[in-house]
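Participant: First the structure, which I've put down as structure tokens, then a few questions once you've had a look.
The values are calculated or read from the model by the stated rules, or taken from the named source; none is laboratory data. In this text, all values refer to a predicted model and were calculated from it rather than measured experimentally. Please note: Cβ atoms are built from the backbone with ideal geometry, for glycine as well, and neighbour counts cover all protein chains shown.
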Amino acid sequence: MDLKKIPSPCFVLEESRLRRNLELIQRVQQESGAQIILAFKGFAMWSAFPIVREYVSGATASSLHEVMLCHEEMGVKAHTYAVAYAPREFPKILKLSSHITFNSLTQWKRYSKKLLSSPEKVSPGIRVNPGWSPVGTALYNPASPGSRLGEPAENFKGVLPEGIEGLHFHTLCESTSYDLEKTLGFFENQFGSFLPKLKWVNFGGGHLMTRKGYDVEHLIQTLKAFKARHPHLHVILEPGSAFAWDTGVLVATVLDIVKNKGFKTAILDVSFTAHMPDTLEMPYRPAIHGASDEASGGKNDYRLGGVSCLSGDFLEAYAFDKPLKVGQKIVLEDMIHYTMVKTTTFNGVTHPSIAILRPDGQLDMIRKFGYKDYKRRLS
Ligand SMILES: Cc1ncc(COP(=O)(O)O)c(C=O)c1O
């Protein structure tokens, strides 16, 4: 990557890395017999959808706008799941979805007549909560006590509502195939009696099959074993992260270096809270080119400071190979999934541009953001 050619700040998606992930996802689909669809909530850079469409057939949407994006840019009806549907939005969602999953029995009751009497052939499902998740971070744990996400088994009182054709669960996040296997144990234990009456099950997201070390063969075996136990069921997985995992970077520039009581902070032209909120919320520590992840106690240790005025908008020190200079570019790794979809213009900070690096080395600038983008959100 020729950093001189890249404007700063800029998200750069590398097409060849995206294709590498898509090839693996396609192989899992083919060998396991499960359908794998893209969760827009994790990756919705639609200029890359023509590439995604070469490998997978669909997407999952979690709002009316994602449903519309699926229609316009993937050219298919969405698998839709939202925590709740607003009455004014539901008719359009019904029109543009192939599957609609309801988060609660009350939402199903509210919309079942509309759905079942609609000329659109939409397959309805309910999200269930098997009550177990390997996710340690509370913010990302859908199975925490009192969770609002999906119905626990006891709420069904042993009866699957008339008309429901599918069950959906989502309890994983950056998880392994062994976590999925364990989850399936809880799921089948609690909801197994409903399965013979259903057409499909959706295992949600969180299957990080493109991460180094993920046991892809075990995933395929786990999916095949489920299919062997329930041959009539169509199995769907809807990861987001796995599609865009390690597919690109965020290029930033050092604007200043400030010192305070022995701490040196390189102030960048990006903001962690506005452009990479997971680095503060998860917290997730990105790898940085030319730096090791931990402070060494040496003179090239620098905190990385965001350009917003939020006090906590910084990352603890990295040990750089060389002293940093004002004007120097910094490359933050693996900055495509859950970054672009979450950005804000807090403080009016400049939104990073978006580019795709093609396999032949050509850089396609997709979008630059300016004052108008900031202003038109606010009045
Ligand atoms: C219902 C649902 N499906 C799919 C996903 C995608 O998960 P991931 O990007 O971790 O694969 C999420 C993420 O929050 C989700 O809530």
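Participant: Considering only residues that are surrounded by fewer than 20 Cβ atoms within 10 Å (Cβ to Cβ) and hydrophobic (A, V, I, L, M, F, W, C), look in the range 289-312 and name the one that is nearest to Asp256 (Cα to Cα).
Facilitator: Filtering the range 289-312 for residues that are surrounded by fewer than 20 Cβ atoms within 10 Å (Cβ to Cβ) and hydrophobic (A, V, I, L, M, F, W, C), the one nearest to Asp256 (Cα to Cα) comes out as Cys309.
Participant: Please verify whether the range 246-254 includes one or more residues that are modelled with pLDDT of 95 or more and within 15 Å of the ligand (Cβ to nearest atom).
Facilitator: yes
Participant: Of everything in the range 346-376, what is touching a residue at least 12 places away in the same chain (Cβ under 8 Å) and either in the same structural domain as Phe49 (by TED's automatic domain parsing) or assigned to a helix (DSSP H, G or I) (or both)? Give them in sequence order.
Facilitator: Scanning the range 346-376 gives Phe346, Asn347, Gly348, Asp373, Tyr374.
Participant: Among the residues of the range 320-347, which ones are surrounded by fewer than 17 Cβ atoms within 10 Å (Cβ to Cβ) and in contact with a Gly (Cβ under 6 Å, 6 or more places away or on another chain)?
Facilitator: Residue satisfying the conditions is Asp321 alone.
Participant: Another question, if that's okay. Inside the range 296-339, can you point out the residues that are within 16 Å of the ligand (Cβ to nearest atom) and closer than 16 Å to Thr273 by Cα?
Facilitator: Met335, Ile336, His337, Tyr338, Thr339
Participant: What's the total number of residues in the range 237-276 that are crowded, with 17+ Cβ neighbours inside 10 Å, out of contact with any Ser or Thr (no Cβ under 8 Å at 6 or more places or on another chain), touching a residue at least 60 places away in the same chain (Cβ under 8 Å) and of a type outside the set (Ser, Thr, Tyr)?
Facilitator: 9
Participant: Given the options Val67, Val12, name the one that is surrounded by 20 or more Cβ atoms within 10 Å (Cβ to Cβ), within 19 Å of the chain's Cα centre (by Cα), over 21 Å from His207 (Cα atoms) and more than 16 Å from the ligand (Cβ to nearest atom).
Facilitator: After ruling out the rest, the residue left standing is Val12.
Participant: Looking only at strands (runs of 3 or more DSSP E) that fall completely inside the range 103-219, which ones have 1 or more residues that are of a type in the set (Gly, Ala, Ser)?
Facilitator: Per the criteria, 123-127, 166-168.
Participant: Another question about this same structure. Quick one: would you say Thr279 is free of Cβ contacts under 8 Å to residues at least 40 places away in the same chain and either within 18 Å of His337 (Cβ to Cβ) or in contact with a Lys or Arg (Cβ under 9 Å, 6 or more places away or on another chain) (or both)?
Facilitator: yes
Participant: While we're looking at this one, here's another question. Going by the structure shown, is Thr101 within 16 Å of the ligand (Cβ to nearest atom), of a type in the set (S, T, N, Q), buried (at least 21 other Cβ atoms within 10 Å of the Cβ) and touching a residue at least 12 places away in the same chain (Cβ under 8 Å)?
Facilitator: Working: within 16 Å of the ligand (Cβ to nearest atom): yes; of a type in the set (S, T, N, Q): yes; buried (at least 21 other Cβ atoms within 10 Å of the Cβ): yes; touching a residue at least 12 places away in the same chain (Cβ under 8 Å): yes.
For Thr101, the condition - within 16 Å of the ligand (Cβ to nearest atom), of a type in the set (S, T, N, Q), buried (at least 21 other Cβ atoms within 10 Å of the Cβ) and touching a residue at least 12 places away in the same chain (Cβ under 8 Å) - is met.
Participant: Hey, could you check the range 209-229 for residues that are in contact with a strand residue (DSSP E or B) (Cβ under 8 Å, 6 or more places away or on another chain) and more than 16 Å from the ligand (Cβ to nearest atom) and say which is farthest from Ala317 (Cα to Cα)? Spell out how you get there, then give the answer.
Facilitator: Going through the range 209-229, the residues in contact with a strand residue (DSSP E or B) (Cβ under 8 Å, 6 or more places away or on another chain) turn out to be 219, 223, 226-227.
Of the ones still in play, those that are also more than 16 Å from the ligand (Cβ to nearest atom) are 226-227.
Details: Phe226: 46, Lys227: 48 Å.
Ranking the candidates gives Lys227 first.
Participant: Next up: Inside the range 35-50, can you point out the residues that are over 29 Å from Phe272 (Cα atoms) and more than 14 Å from the ligand (Cβ to nearest atom)?
Facilitator: Pro50
Participant: Sticking with this structure for a sec: Can you tell me which residue in the range 160-180 is surrounded by the most Cβ atoms within 10 Å (Cβ to Cβ), limited to those that are near the ligand (Cβ under 9 Å from one of its atoms) and more than 21 Å from Lys197 (Cα to Cα)?
Facilitator: By that ranking, first place goes to Leu172.
Yes or no, residue by residue, for (1) in contact (Cβ under 8 Å) with a residue 12 or more places away in the chain; (2) under 22 Å from Thr343 (Cβ atoms); (3) in the same structural domain as Arg211 (by TED's automatic domain parsing); (4) not in a loop (DSSP other than H, G, I, E, B):
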{"position": "Leu22", "(1), (2), (3), (4)": "yes, no, no, yes"}
{"position": "Ile25", "(1), (2), (3), (4)": "yes, no, no, yes"}
{"position": "Val28", "(1), (2), (3), (4)": "yes, no, no, yes"}
{"position": "Phe43", "(1), (2), (3), (4)": "yes, yes, yes, no"}
{"position": "Ser57", "(1), (2), (3), (4)": "yes, no, yes, no"}
{"position": "Glu66", "(1), (2), (3), (4)": "yes, yes, yes, yes"}
{"position": "Val76", "(1), (2), (3), (4)": "yes, no, yes, no"}
{"position": "His79", "(1), (2), (3), (4)": "yes, no, yes, yes"}
{"position": "Tyr85", "(1), (2), (3), (4)": "yes, no, yes, no"}
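Participant: Given the criteria outside the structural domain of Thr101 (by TED's automatic domain parsing), surrounded by fewer than 15 Cβ atoms within 10 Å (Cβ to Cβ) and not charged (D, E, K, R), does Gly213 qualify?
Facilitator: Against the criterion (outside the structural domain of Thr101 (by TED's automatic domain parsing), surrounded by fewer than 15 Cβ atoms within 10 Å (Cβ to Cβ) and not charged (D, E, K, R)), Gly213 does not qualify.
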